[in-house]
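Asks: Here you go, one structure.
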Amino acid sequence: MLCGCCERWVGRWRAPGRGESGSPGTIGGVNAQVETVVDLDAIAHNVRVLREYAHGAAVMAVVKADGYNHGAVEVARAALGAGARELGVTTVGEGLALRAAGITAPVLCWLNTVDADYAGAVAGDLEIGVSSPAQLRAVERAAVAAGQTATVTLKVDTGLNRNGVSVTEYPEVLRALRGLVDGEVVRLRAIFSHLAHADEPGHPMVDRQRDRFIEAIALAKEHGLEPELVHLSNSAATLTRPDLRFDMVRPGISVYGLSPIPELGQFGLKPAMTFQAEVALVKKVAAGEGVSYGHRWVAPRDTTIALVPAGYADGVFRSLSGRFEVWLGGARHRSVGRVCMDQFMVDLGDNAGGVREGDRAVLFGGGAGQPHALDWARALDTIDYEVVCAPRGRVVRRYVGTGR
């Protein structure tokens, strides 16, 4: 039982819930104040740039991992609209999600386990990447059970020593595949491989893998297997090694506007993702006062800080604490103190730009003056692929542009 004074205090303190006047509230809901904005026009622009570098070879836009966290379906539509001919994903499930969205273009899924949903892949008319005799037998069983020809693409290991048919098993796979093709159980669509050193265009391993790839194609032809197309180039090779174009190129990160070899430049690509959040609070902090857990940062002078409601639960790495800047109020401002689960702080100094609650802080993007995903990558000793895949949890994705 509360006294009357306490009852009145609690009544004044209680925050309005979602749908009531005042704060919209976010309990149990989505924090729409933190978002990634994906520019579909940038996606389309990047695909057109890649088509120029491909010099007539077809373009397969890689939209695995939900389009590198940009949205696979939306990116796929923009890429196809800009002239990409095919799509690449990792799993059967990712391919079927594209089919469920009404996308009919050729889709290759290349990282499959023995117990993958091959029946679903056959029914969904997906190209199934095969990397072992056991996988080929699993595809055979699914095709026979469905009474439908499966479309198969061979992935050969030319030196990455990751996914792909090994040198020792390749002859066995070719013999088995020849029988399945003759029996119309499977259709051989393509042969492909993946490069280990494409971001080092002059590395001797690139040439070695090219030669091994050509040998693998020749061996398939000796077994009477004629692929409809062959492909080897990822983003880096597409942009720097015209000798590796073959019938099709298979760019991934460059579709999203990030250079696969930053030291060689941007190649005319436009970053498609902007990670931003609304300022929740602006407050004065006196000289000598510490900010955030552990007071790892103490204000050296009277200053103003802005609190941004995005933290490591949203993809803002805790290890970036005090090591990154945001674009806010027409200038860059450095984060101070530890990044928390839900928030971080930036030092506005005398706040000459007049930053207010509700303004947008750009964590990374592609606009003039804005921090870039590559800035985070360098600070974290990683690559910008990981950075754009980081926004998650309460982050809302929003699209701009038409992708045309």
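The values are calculated or read from the model by the stated rules, or taken from the named source; none is laboratory data. Values in this document were obtained by computation on a predicted structure and should not be read as measured data. Positions of Cβ are backbone-derived with ideal geometry, glycine not excepted, and every protein chain shown enters the neighbour counts.
Asks: Filter region 341-371 down to the residues that are modelled with pLDDT of 95 or more and touching a Gly at 6+ places or on another chain (Cβ under 7 Å), then identify the one that is surrounded by the most Cβ atoms within 10 Å (Cβ to Cβ).
Replies: Filtering region 341-371 for residues that are modelled with pLDDT of 95 or more and touching a Gly at 6+ places or on another chain (Cβ under 7 Å), the one surrounded by the most Cβ atoms within 10 Å (Cβ to Cβ) comes out as Phe344.
Asks: In region 32-80, which residues are outside the structural domain of Thr238 (by TED's automatic domain parsing) and assigned to a loop (DSSP other than H, G, I, E, B)?
Replies: Ala32, Gln33
Asks: Something else now. So is Glu52 touching a strand residue (DSSP E or B) at 6+ places or on another chain (Cβ under 9 Å) and farther than 28 Å from Ser131 by Cβ or not?
Replies: It is false that Glu52 is touching a strand residue (DSSP E or B) at 6+ places or on another chain (Cβ under 9 Å) and farther than 28 Å from Ser131 by Cβ.
Asks: Could you tell me how many of the residues in region 224-278 are surrounded by fewer than 23 Cβ atoms within 10 Å (Cβ to Cβ) and at positive phi?
Replies: Residues that pass the stated criteria total 5.
Asks: Let me ask something else. Run down Arg212, Arg178 and say which single residue is modelled with pLDDT of 95 or more, of a type in the set (D, E, K, R) and more than 30 Å from Ala145 (Cβ to Cβ).
Replies: Of the residues listed, the single one that is modelled with pLDDT of 95 or more, of a type in the set (D, E, K, R) and more than 30 Å from Ala145 (Cβ to Cβ) is Arg212.
Asks: For residues that are of a type outside the set (Val, Ile, Thr) and not in a loop (DSSP other than H, G, I, E, B), scanning just region 116-125, find the one that is farthest from Ala58 (Cα to Cα). Walk me through it before giving the result.
Replies: Of all residues in region 116-125, those of a type outside the set (Val, Ile, Thr) come to 116-121, 123-125.
From the residues that got through so far, the ones that are not in a loop (DSSP other than H, G, I, E, B) too are 118-121, 123.
Numbers: Tyr118: 26, Ala119: 28, Gly120: 26, Ala121: 23, Ala123: 25 Å.
Applying the filter and picking the extreme gives Ala119.
Asks: Taking the criterion of being part of a helix (DSSP H, G or I), without any contact (Cβ under 8 Å) to a residue 40 or more places away in the chain, basic (Lys, Arg) and over 22 Å from Met248 (Cα atoms), would at least one residue in region 167-188 satisfy it?
Replies: Looking through region 167-188, none of the residues is part of a helix (DSSP H, G or I), without any contact (Cβ under 8 Å) to a residue 40 or more places away in the chain, basic (Lys, Arg) and over 22 Å from Met248 (Cα atoms).
Asks: Tell me, which strands (runs of 3 or more DSSP E) lie completely within region 220-334 with 1 or more residues that are over 30 Å from Val186 (Cα atoms) and not small (Gly, Ala, Ser)?
Replies: 273-278, 281-285, 303-308, 325-328
Asks: Residue check: is Ile261 of a type in the set (A, V, I, L, M), out of contact with any Phe, Trp or Tyr (no Cβ under 6 Å at 6 or more places or on another chain) and free of Cβ contacts under 8 Å to residues at least 60 places away in the same chain? Spell out the reasoning first.
Replies: Working: of a type in the set (A, V, I, L, M): yes; out of contact with any Phe, Trp or Tyr (no Cβ under 6 Å at 6 or more places or on another chain): yes; free of Cβ contacts under 8 Å to residues at least 60 places away in the same chain: no.
When the stated conditions are applied, Ile261 does not pass them.
Asks: Only residues that are closer than 27 Å to His223 by Cβ and free of Cβ contacts under 8 Å to residues at least 40 places away in the same chain: list them for region 192-205, please.
Replies: Listed by number, the residues that qualify are Ser193, Ala196.
Asks: Mind telling me which of the residues Thr151, Thr113, Thr104 ends up being part of a strand (DSSP E or B) and not basic (Lys, Arg)? Give the derivation first.
Replies: On the way: Thr113 fails: part of a strand (DSSP E or B); Thr104 fails: part of a strand (DSSP E or B).
The match here is Thr151.
Conditions (1) among the polar types (S, T, N, Q); (2) under 18 Å from Ala58 (Cα atoms); (3) within 31 Å of the chain's Cα centre (by Cα), marked per residue:
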residue	(1), (2), (3)
Val181	no, no, no
His194	no, yes, yes
Asp199	no, no, yes
Leu232	no, yes, yes
Leu244	no, yes, yes
Arg250	no, yes, yes
Ser254	yes, yes, yes
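Asks: Could you please find all residues in region 320-373 being touching a helix residue (DSSP H, G or I) at 6+ places or on another chain (Cβ under 9 Å) and without any contact (Cβ under 8 Å) to a residue 60 or more places away in the chain? Let's see the steps before the verdict.
Replies: Here is the first cut: in region 320-373, the residues touching a helix residue (DSSP H, G or I) at 6+ places or on another chain (Cβ under 9 Å) are 320, 323-325, 335, 337-341, 344, 363-366, 372-373.
Residues satisfying the conditions are Arg323, Phe324, Glu325, Ser335, Gly337, Arg338, Val339, Cys340, Met341, Phe344.
Asks: Mind listing just one residue for me: the one in region 374-404 that is of a type in the set (Val, Ile, Thr) and closer than 23 Å to Ala79 by Cβ and, of those, surrounded by the fewest Cβ atoms within 10 Å (Cβ to Cβ)?
Replies: If we filter region 374-404 for residues that are of a type in the set (Val, Ile, Thr), which is where we start, we get 382-383, 387-388, 395-396, 400, 402.
Still in the list and also closer than 23 Å to Ala79 by Cβ: 383, 387-388, 395-396, 400, 402.
Working: Ile383: 17, Val387: 26, Val388: 28, Val395: 23, Val396: 13, Val400: 13, Thr402: 10.
Filtering first and then ranking leaves Thr402.
Asks: Continuing with this model, one more query. Within the set of pairs 6 or more residues apart or between chains, which connect a residue that is closer than 22 Å to Glu228 by Cα inside region 43-58 to a residue that is of a type in the set (Asp, Glu) and at pLDDT 95 or above with Cβ atoms less than 8 Å apart?
Replies: Going by the 8 Å Cβ cut-off, the qualifying pairs are Ala57/Asp247; Ala58/Glu86; Ala58/Asp247.
Asks: Can you pull out every residue in region 81-97 that is free of Cβ contacts under 8 Å to residues at least 60 places away in the same chain, assigned to a helix (DSSP H, G or I) and touching a Gly at 6+ places or on another chain (Cβ under 9 Å)?
Replies: Answer for region 81-97, where residues must be free of Cβ contacts under 8 Å to residues at least 60 places away in the same chain, assigned to a helix (DSSP H, G or I) and touching a Gly at 6+ places or on another chain (Cβ under 9 Å): Val92, Gly93, Gly95, Leu96.
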